[in-house]
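Following: one structure in structure tokens, then a few remarks.
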Amino acid sequence: MEAAIHVKPFGFDRVFRFPSAPEEAPPASVDEAIFQQRIASLEADIARLRAEHIEILARARSDAFAAGLAQARSERDAAVLAACDALHATLDDIDARIAQATEAVMKDAAKLAFTAAEVLAGHAVEQAPARAADEALGRVLEQVSRGTRIGIRVHPAIAEDMERLIAVRVSKERRKLSLTVIADEEMAESDALIFWEEGGLAVDAAHRRAAILAELGPLLGETKDN
């Protein structure tokens, strides 16, 4: 006996779904993969170029600083050398000016000393016209032997003063003196000629003046004839 088969009609109006699997990204195409590789390569090149640029910039800055420092040192050395040259020139000029000033001061001092000497000599002659002759006589007496006859030739204007000084000298001497005053119109009032048998001594104001000028000549810038 055959089993009974029950058939139910299929409902076409019913909606049914199969279980859906997780969605997966569609595989990239070949062109997109190449494009991504190209982007990555370009980014790497950019990074490398940026690093090289930073390195080159740092090197350029270092080189520029070194060059600037060398230039500054060179300019500094040149400026120092120029300043030293200018300083030496200034010092030379100062030395020359000091030498000129010193020479002028020495010349003025020599002129003043000579003028003062002449004034004092003139004053001495005026106050004691026979004094120079008496002092010369004293030097002669220290050199000649006892009893030497000595003549003193002077201008008549100072003959009396000379005799007075001789009298004072004789009064102080223990030895006997033989001194004779001779008046001579040709003698200058400030001069005298002391003579004895073995020699003589001239008291010559002009000669003394020439001797002083000879000593002071280099300072005065003059010769004794001036």
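The values are calculated or read from the model by the stated rules, or taken from the named source; none is laboratory data. The structure displayed is predicted, hence computed values, not measured ones. Here the Cβ positions follow ideal geometry from the backbone for every residue, glycine too, while neighbour counts run over all protein chains shown. The protein model used for the area step is the full one, side chains on, heavy atoms only, and it has no ligands, DNA or RNA in it. Shrake-Rupley method; radii C 1.70, N 1.55, O 1.52, S 1.80 Å.
Of all residues in segment 123-145, one or more are at pLDDT 65 or above, within 30 Å of V181 (Cβ to Cβ), touching a Ser or Thr at 6+ places or on another chain (Cβ under 7 Å) and open to solvent by less than 70 Å² (accessible area, probe 1.4 Å). Whether a residue is of a type in the set (S, T, N, Q), crowded, with 16+ Cβ neighbours inside 10 Å, over 30 Å from E103 (Cβ atoms) and at pLDDT 70 or above was assessed, and S178 does not pass this test.
Pairs meeting the criteria (first residue in segment 175-190 and assigned by the TED database to the domain that holds A159 and over 11 Å from I152 (Cα atoms), second residue of a type outside the set (F, W, Y) and modelled with pLDDT under 85, beta carbons under 6 Å, at least 6 apart or on different chains) are R175/R146; L177/V170; E189/P129; S190/V125; S190/A205.
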